[in-house]
Amino acid sequence: MEIKLLEKSEDNAKFLVQGIDFSFANLIRRSIMDEVPVMAIDEVTFHKNSSALYDEIIAHRLGLLPLSTDLKSYEVKEKCKCDGKGCARCQLNLVLQAKGPCTVYAENIKSKDPKVKPVQPNMPIIKLLKGQQLQFEATASLGYGRDHVKYSPGLVFYRQVADVKLKGDADRDKLNKICPQNILVLAGSKLKVSDNLKCDMCLACADISKEIEITPKEDEFIFEVESWGQLDPKAMVLAGLESFKSKLKEMDKQLSRLQECQSGQMRMAKDHLA
Ligand SMILES: [Zn+2]
């Protein structure tokens, strides 16, 4: 397997993976989206709410706020030494006190840990009219995207790399102009494919000419990772692959146990027959 980074920014990454099949590509996608823990608000205790919205609606909005995540300082509740009861290692308190008239934004929520706070400070939570008050205490914890989408670190998707084959030059002038990605370029009098990684297989070229053949490569995939801000794309990919690695280790352990168990049973059966 070979991996090549194609593009990278604060919230996005694009990379090429060669030498894998569809099921493995989907495994990478699901490992990142569902198995990388991120922080999200899980419980809210309302002390005052004289706003126009019910407690449940505000709590739902709070749950969906992306919170910056520090995977080194926090542990998922089910793996924490406190056995999921809740401690400083697995949960964090956030508070809000607001009085109208005002718009309450995500940045108004005060976190006890400066490393864990709303990623988008300007995200509006609610509008309070004159005299309306909102006071709550919220608890955030790490969770997995497989349990609730609020714990998903972002979006991961992939597509197959296109194999672009030019069979002849007869339609070169038509083909040169039709590609929306401009990958069919003229080099002198010859038509060439400049970058097949950019081909999104729209087949606009194949529709107008029989001189070109586009087929998807079975073992090459371009992945795109879009972070929702809790973790950067690199941390998402590394944590996803680490999660897969630990599952393989666990499976290996279980298989070894099963083998030991089976060989023990066979020994017992042989002794019995003897
Ligand atoms: Zn704990």
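Summarising the amide proton neighbourhood of residue 230: residues at separation of 5 or more, or on other chains, whose placed amide H is nearer than 5 Å comprise an empty set.
A viscosity of 0.692 mPa s and a temperature of 37 °C, combined with the Kirkwood radius over C-alpha pairs in the Stokes-Einstein formula, give the range 165-221 a diffusion coefficient of 284 µm²/s.
Computed over the Cα atoms of the range 1-134, what is the ratio Rg over Rh, Rh following Kirkwood? Before the final figure, lay out the partial values.
Working: Rg = 19.3 Å, Rh = 17.8 Å.
Reported Rg/Rh, Kirkwood definition of Rh: 1.09.
Phi-derived couplings, Karplus 6.51 cos²θ - 1.76 cosθ + 1.60 at θ = phi - 60°, listed residue by residue for the range 59-71: 4, 5, 5, 5, x, 8, 6, x, 10, 4, 10, 10, 6 Hz, with x used for Gly and Pro. Separation of the range 121-176 and the range 66-102, taken as the distance between their Cα centroids, equals 23 angstrom.
Annotation: amide H of residue 126 within the under-5 Å range of 104, sequence separation 5 or more or interchain, hydrogens built in the peptide plane.
Expressed as an acute angle from 0 to 90° and rounded to the nearest 10, what is the orientation of the C-alpha long axis of helix 22-35 relative to the principal long axis of the chain? Value to nearest ten degrees: 20.
In the context of the full set of protein chains, the range 1-41 has a per residue accessible area of 54 Å² (1.4 Å probe).
Charging the Cβ of each Asp and Glu at -1 and of each Lys and Arg at +1, and nothing else, the dipole of the chain about its Cα centre rounds to 600 debye. Using a probe radius of 1.4 angstrom, the carbon and sulfur fraction of the accessible surface of the chain is 52%. GNM on the chain, C-alpha springs below 10 Å: top fluctuator among 120, 254, 230? Of the options given, 254 has the highest mean-square fluctuation. Using the Cα gyration tensor of the chain, with a ≥ b ≥ c the square roots of its eigenvalues, what is the shape: rounded (a/c below 1.5), prolate (a/b larger than b/c) or oblate (neither)? Cα axes put the chain in the oblate bin. Applying a 4.7 Å Cβ-Cβ cutoff to the chain leaves 102, 179, 199, 202, 205, 261 as cysteine residues with no disulfide-compatible partner. Amide H contacts of residue 163 (H built 1.01 Å from N, in plane; Pro and chain starts excluded): 215, 217 sit under 5 Å, all sequence-distant by 5 or more or on other chains.
The values are calculated or read from the model by the stated rules, or taken from the named source; none is laboratory data. On a predicted model such as this, the values are computed, not experimentally measured, just so you know. Glycine gets a Cβ as well: all are built from the backbone with ideal geometry, and neighbour counts include every protein chain shown. Accessible surface areas use protein heavy atoms only, side chains included; no ligands, DNA or RNA. Shrake-Rupley method; radii C 1.70, N 1.55, O 1.52, S 1.80 Å.
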